[in-house]
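Take a look at the structure below.
The values are calculated or read from the model by the stated rules, or taken from the named source; none is laboratory data. Predicted model, so just to flag it, every value in this text is computed and none were measured. Every residue, glycine among them, receives a Cβ derived from its backbone with ideal geometry; neighbour counts consider all protein chains shown.
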Amino acid sequence: MCCAAVAKSCDGLTVRPNPPFWTTIPMNELPRLSTGISGLDTILGGGLIEGASYIIQGHPGAGKTIFANQVAFANLSRGGKVLYVTLLAETHDRLFQSLGTLEFFDKEHLGTSITYISVFQTLRDEGLSAVVSLIRQEITRQGATLLVFDGLLSARDRADTQLDVKTFVAEVQSQAAFVGCTVLFLTSTRIAQDSPEHTMVDGVIELHDELVGVRSVRRLQVRKSRGSAALGGYHQFEITSAGMTAYPRMEAIVAPTVAPDDHDPPPPLSSGTDGLDRLMGGGLPRSSVTLMFGPSGCGKTAMGLNFLSQASRQEPALHFGFYETPARLQAKARALGVDLDTPLGSGALEVIWNPMTENLLDKLGHRLLEAVRARGVKRLVIDGLGGLERAAVHPARLVEFFAALMNEIRRLGVTTIATWELRDLFGPTVAAPGSEISSLLDNLVMLRHVEINSQYKRTISVLKVRDSAFEPAIREVAFGPRGIAVFTPLEAVTGAATGVATPS
């Protein structure tokens with residue numbers, strides 16, 4: 001248990017409201033009990049199965065106690081009754097003191113809707129059979145709809161044989177199932193998959209708290225899910241003062257989409273940058289993702305600001321960034337002569353800043369999609385994709401993550417500009433960000449610093465536009481009356497794309 005170490009803030013994340021406690025059940029599915037943990041019901045395929053039994057396992061500090069209590073208090077808030085059985089030798093005061101730091105904990109329910117009892121002395125003096133009898137008596141007396149048994153490891157240690165363990169689990173299950181009570185068995189060790197407990201319960205949820213480099217990362221895995229199509233693999237979660245929040249792996253929940261056969265596509269969307277629309281064949285194709293990549297200072301953010309300045313109530317916009325605070329972004333826009341104040345003041349534009357600290361990749365992805373859906377965003381700037389890359393604990397899954405995220409953004413009808421910073425200001429070769437990631441994007445625009453006759457010039461070139469003709473010439477860019485603007489073609493040189501040009 002690690003209740004006392006819970007963080008005190010949610011890092012600006014708006015926790016999604018819990019889904020309805022009782023979900024709508026199709027005729028061919030089992031009735032469900034919502035966990036009250038944001039994101040977890042999705043991972044479980046709809047929530048816990050009513051009357052089923054689950055093992056929640058993990059090392060000390062992984063979050064099992066918070067998990068169980070959050071589920072318990074979600075049950076209470078919707079009229080349920082909870083029996084929480086522990087094998088603590090001491091009183092529950094310290095447990096309540098730790099839980100008191102969490103927003104879901106309400107001491108007014110103690111002793112009425114939720115009852116905590118310790119069976120330590122009963123187990124020590126009378127054995128497992130007496131514990132079963134006590135649990136049976138209390139379930140009936142309390143009218144419990146949820147039973148939490150915290151201490152399965154101690155019960156195993158007290159058993160003489162594996163048959164005794166199976167008998168204990170079976171008797172607790174049968175009594176709970178008889179009255180429609182869902183059971184959570186908590187254990188502070190990893191039980192083998194062929195153990196008696198695993199073979200008898202309906203589900204196994206494993207919590208992990210592990211070090212990746214110098215940072216700690218929490219992940220959960222549904223190892224068994226009888227009668228339910230749970231999402232496999234690892235899913236990140238965090239514990240804050242709001243309790244536990246789970247983030248289903250993006251590529252596991254976003255269904256692949258097929259682009260409609262649109263014989264008469266809508267007109268392109270203006271980029272807001274003078275001259276760029278002409279280069280791209282009229283503007284940005286709607287519901288497309290455009291990558292603007294180049295070294296620092298070449299104008300990527302400025303072009304994004306131009307794009308966002310076109311926001312309106314009919315085309316709401318979002319800036320989702322990592323490097324610029326909202327105040328610095330507004331100051332930069334004013335310095336460039338770009339009007340962001342008007343769309344920000346009218347609510348047509350929203351700015352979400354994600355500091356480059358210890359971010360979670362899937363948390364960022366869900367936060368972005370929630371903001372897009374909430375306001376019906378049509379113009380989006382992700383500044384930049386490197387912030388998402390830095391948040392990836394396992395970089396090997398970045399391609400799948402980006403594919404799922406971009407497909408969902410397109411499906412929502414959003415026209416997106418994403419930026420990516422090249423490491424080298426100058427170099428003999430130019431490489432687009434990851435060949436596999438580049439192939440997921442619709443349009444590619446490269447910005448560079450070019451040295452010509454001892455002068456630096458900013459240039460822009462369009463490398464790819466989805467299903468549309470474009471002008472392949474390298475053009476010079478400069479600051480105009482509305483931020484950065486595309487001007488005349490670059491003078492005839494060789495090697496401009498590398499940043500070191502020579503006369504042709």
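Of all residues in the range 11-32, none are at pLDDT 95 or above, more than 24 Å from Thr189 (Cα to Cα) and of a type in the set (Phe, Trp, Tyr). Flag set for Phe320, criterion: surrounded by 20 or more Cβ atoms within 10 Å (Cβ to Cβ), at pLDDT 95 or above, assigned by TED's automatic domain parsing to the domain that holds His394 and not in a helix (DSSP H, G or I).
The single condition among (1) assigned to a loop (DSSP other than H, G, I, E, B); (2) closer than 29 Å to Ala72 by Cβ; (3) at pLDDT 90 or above that Gly227 does not meet is (3). Report yes if some residue within the range 93-110 is surrounded by 15 or more Cβ atoms within 10 Å (Cβ to Cβ) and under 19 Å from Val183 (Cβ atoms); otherwise report no. Checked against the condition, which is being surrounded by 15 or more Cβ atoms within 10 Å (Cβ to Cβ) and under 19 Å from Val183 (Cβ atoms), the range 93-110 yields no hits at all.
Residues that are surrounded by fewer than 17 Cβ atoms within 10 Å (Cβ to Cβ) and acidic (Asp, Glu) occur in the range 193-204; there is at least one.
Give me the residue from the range 146-167 that is crowded, with 23+ Cβ neighbours inside 10 Å and in contact with a Lys or Arg (Cβ under 9 Å, 6 or more places away or on another chain) and, out of that set, farthest from His109 (Cα to Cα). Across the range 146-167, the extreme among qualifying residues is Asp150. Against the test of being buried (at least 20 other Cβ atoms within 10 Å of the Cβ) and either over 17 Å from Leu153 (Cβ atoms) or acidic (Asp, Glu) (or both), the options Arg249, Arg215, Arg226 yield a single qualifying residue, Arg249.
Return yes when Glu451 is of a type in the set (D, E, K, R), part of a strand (DSSP E or B) and either modelled with pLDDT of 75 or more or over 25 Å from Leu340 (Cβ atoms) (or both) and no when it is not. Here the answer is yes, as Glu451 does meet what is asked. For the range 165-175, does any single residue satisfy the condition of being in a loop (DSSP other than H, G, I, E, B) and small (Gly, Ala, Ser)? The answer is no; no qualifying residue exists. Residues in the range 353-410 that are basic (Lys, Arg) and within 29 Å of Gly213 (Cβ to Cβ) were compared, and the one that is surrounded by the fewest Cβ atoms within 10 Å (Cβ to Cβ) is Arg390. Name every residue in the range 70-92 that is of a type in the set (Phe, Trp, Tyr) and under 18 Å from Leu40 (Cα atoms), in order of residue number. Within the range 70-92, just Phe73 meets the criteria.
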